[in-house]
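Heads up, the thing below is written out as structure tokens.
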Amino acid sequence: MTEATRILHLIASPRPNSRSRAVAQAYLDAFKYADPAVLVEELDLWSMELPTIDGALLSAKYAILARRPHRPEEAQAWERVLALTQHFLSFDHYVFSVPMWNLGIPYRLKHYIDVVTQPGITFSWTPERGYEGLVLGRSALVACASAFDYGAGSALHPWDQQKSHMHTWLRFIGIDDVGLIDCGPTRPGEPGAQAAQARAEEEAIRRGRAAQRK
């Protein structure tokens, strides 16, 4: 018997009616319609407690890079990181709802990324091979939203650090199968905002249905 696909939906917007979340939900609904057995867990990054990346935690990380044992205070700081990274790694597929904040991603998502991007767990480094991602055999869908149109060919495209950040990070940890849906403009009253939302949700539904045929 094939195990059910496990999907983690990481919500990076604090707004319950956010456009990025609506696009991601359209994708998940289509995915679940095709496969009712799929298991989806939501992770609201604004309601969870993330460990502070302080001296002890950084020392624990550098101890791994230096290949030395953790001191007691480092081991204690590392326990919470291990719990969050192991939870992250327990899924087959990731869906991100990502609004654009100041050209990039929200700080809560960046905080989560900094916590789970750890040596020996989600990536490795050696002098001979450099960086290698360890999160293999997974895939991701990133639903992005922005107040204005930052799409390829637009005047604002060179300023966009939102989509490149997500794509680069996912590839860094070993996820090469990355789908991206761009929704913009979303600003109320902006010409084309309603059409952009409709197109993004239509694409999300199409991708959700197609994901089951992979």
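The values are calculated or read from the model by the stated rules, or taken from the named source; none is laboratory data. Only a predicted model underlies this, so the values are computations on that prediction, with no experimental measurement involved. Glycine gets a Cβ as well: all are built from the backbone with ideal geometry, and neighbour counts include every protein chain shown.
Counting the residues of the range 86-96 that are more than 11 Å from the chain's Cα centre (by Cα) and either surrounded by 16 or more Cβ atoms within 10 Å (Cβ to Cβ) or farther than 22 Å from PRO51 by Cα (or both) gives 2. Here SER47 fulfils each of the conditions (1) of a type in the set (Gly, Ala, Ser); (2) closer than 30 Å to ASP149 by Cα; (3) crowded, with 16+ Cβ neighbours inside 10 Å apart from (3).
Return the only residue of LEU28, LEU10 being touching a Phe, Trp or Tyr at 6+ places or on another chain (Cβ under 6 Å), surrounded by 19 or more Cβ atoms within 10 Å (Cβ to Cβ) and at pLDDT 95 or above.
Just a single option satisfies the conditions, and that option is LEU10.
The condition of being over 24 Å from THR5 (Cβ atoms) and either within 13 Å of the chain's Cα centre (by Cα) or loosely packed, with under 13 Cβ neighbours inside 10 Å (or both) holds for only one of PRO99, PRO119, that being PRO99.
Listed here are the residues, each with its yes/no results for (1) surrounded by fewer than 19 Cβ atoms within 10 Å (Cβ to Cβ); (2) among the polar types (S, T, N, Q).
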residue: LEU136; (1), (2): yes, no
residue: SER146; (1), (2): no, yes
residue: TYR150; (1), (2): no, no
residue: PHE172; (1), (2): yes, no
residue: ASP182; (1), (2): no, no
residue: GLY192; (1), (2): yes, no
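Kindly evaluate SER97 against the criterion of being at pLDDT 95 or above, among the hydroxyl-bearing types (Ser, Thr, Tyr) and more than 18 Å from ILE175 (Cβ to Cβ). Against the criterion (at pLDDT 95 or above, among the hydroxyl-bearing types (Ser, Thr, Tyr) and more than 18 Å from ILE175 (Cβ to Cβ)), SER97 does not qualify.
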